[in-house]
Amino acid sequence: MTRILLVEDEENYREPLALNLRRDGFKVVEARDGAAAMERFEGAGAPGGTGPIDLVLLDLMLPRMSGAEVCRRIRRTSRVPVIMLTARDAEMDKIAGLELGADDYITKPYSYRELVARVHAVLRRTADGRPEEPVLTAGRVTMDVGRHEVSVDGQVVPMPKREFELLELFLRHPDHVLTRGQIIERLWGANYVGDTKTLDVHVKRIRAKIEADPSSPKLLTTVRGVGYRLVTAD
Ligand code: CA
């Protein structure tokens, strides 16, 4: 589901817009000022967050931090599409918005149809230039690598970075025995000198999330004295 961060301080714009977008199948995260927008943007992409934002609808005139500043800060770390919502006839706003790295702008008052058409156009345009990240599956587990999202039986489960990387490694090598040495080298680097029990702790945590019965794992299995194997074949 496409996640839109909607940043707009005026309720009479924000509320109906959020309602319409949700009705059209978008997931909408709302923020009513610039500082809240940055918190939501960063929080959504962090481990345990709702998942990365796919598009930002950004009002220019905002309390606490201007839309221009929000756009500038987002662009420091992200190429996420940004559509600026600008005041009527504010030609300077449009130019400023595009210079700041916005992908498009729309002038108030706008029709909902016009806005949603721009949203789809920008999403199409930006999707073309992006490398396809795979969706990996094994049994009841699905990993959307691009979105950094793991689902078990269709339910999203939060997964911290290391666990995610470890599970990704198994999903990319299904039915192969991965030795403890190989796994540690891939995840922590060849010069890792820490406690190798760390690996078992991560495996245990992953099992608690993906196995029907974590005490008798059927998916992420132990190969005694060697390592682990993710079993996808029957
Ligand atoms: Ca405003």
Filter result for Arg72 (basic (Lys, Arg), more than 16 Å from the ligand (Cβ to nearest atom) and either within 19 Å of Arg124 (Cβ to Cβ) or in contact with a Leu (Cβ under 7 Å, 6 or more places away or on another chain) (or both)): yes
Enumeration of residues in the range 26-38 that are away from the ligand (no atom under 16 Å from the Cβ) and touching a Leu at 6+ places or on another chain (Cβ under 7 Å): Val28, Val29
Residue match in the range 11-22 (condition: under 21 Å from the mean Cα position of the chain (by Cα), farther than 18 Å from Ile106 by Cα and not assigned by TED's automatic domain parsing to the domain that holds Arg147): yes
Test set (1) open to solvent by less than 60 Å² (accessible area, probe 1.4 Å); (2) within 14 Å of Pro134 (Cα to Cα) - Ile184 fails condition number: (2)
Residue within the range 166-179 that is modelled with pLDDT under 95, open to solvent by 60 Å² or more (accessible area, probe 1.4 Å), closer than 26 Å to Ala46 by Cβ and over 21 Å from the mean Cα position of the chain (by Cα) present: no
Matching residues, the range 23-58, being within 16 Å of the chain's Cα centre (by Cα) and aliphatic (A, V, I, L, M): Val28, Val29, Ala37, Met38, Ala44, Ala46, Ile53, Leu55, Val56
Meets criteria (closer than 25 Å to Glu11 by Cβ and either outside the structural domain of Arg162 (by TED's automatic domain parsing) or modelled with pLDDT under 90 (or both)) for Ser78: no
Whichever residue in the range 133-155 is outside any strand (DSSP E or B) and under 16 Å from the mean Cα position of the chain (by Cα) and, among such residues, is farthest from Ala212 (Cα to Cα): Glu133
Selection from the range 185-211 of residues that are over 26 Å from the mean Cα position of the chain (by Cα) and not basic (Lys, Arg): Glu185, Ala190, Asn191, Tyr192, Val193, Gly194, Asp195, Thr196, Thr198, Asp200
Any hit, the range 26-40, residues being without any contact (Cβ under 8 Å) to a residue 12 or more places away in the chain and hydrophobic (A, V, I, L, M, F, W, C): no
Residues located in the range 7-25, provided they are buried (at least 20 other Cβ atoms within 10 Å of the Cβ) and away from the ligand (no atom under 12 Å from the Cβ): Leu17, Leu21
Matching option when the condition is closer than 24 Å to Ala36 by Cα and at pLDDT 80 or above, among Val141, Val135, Val116, Val145: Val116
Residue satisfying all of: in the range 56-69; of a type in the set (D, E, K, R) and either within 10 Å of the ligand (Cβ to nearest atom) or on the phi > 0 side of the Ramachandran plot (or both); most open to solvent (accessible area, probe 1.4 Å) among these: Arg64
Scan of the range 75-89 for residues that are within 16 Å of the ligand (Cβ to nearest atom), of a type in the set (A, V, I, L, M) and assigned to a loop (DSSP other than H, G, I, E, B), ordered by number: Ala87
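The values are calculated or read from the model by the stated rules, or taken from the named source; none is laboratory data. These figures come from a predicted structure and were not determined experimentally. Positions of Cβ are backbone-derived with ideal geometry, glycine not excepted, and every protein chain shown enters the neighbour counts. Heads up: the accessible areas ignore ligands, DNA and RNA and are worked out on the full protein's heavy atoms, side chains in. Shrake-Rupley method; radii C 1.70, N 1.55, O 1.52, S 1.80 Å.
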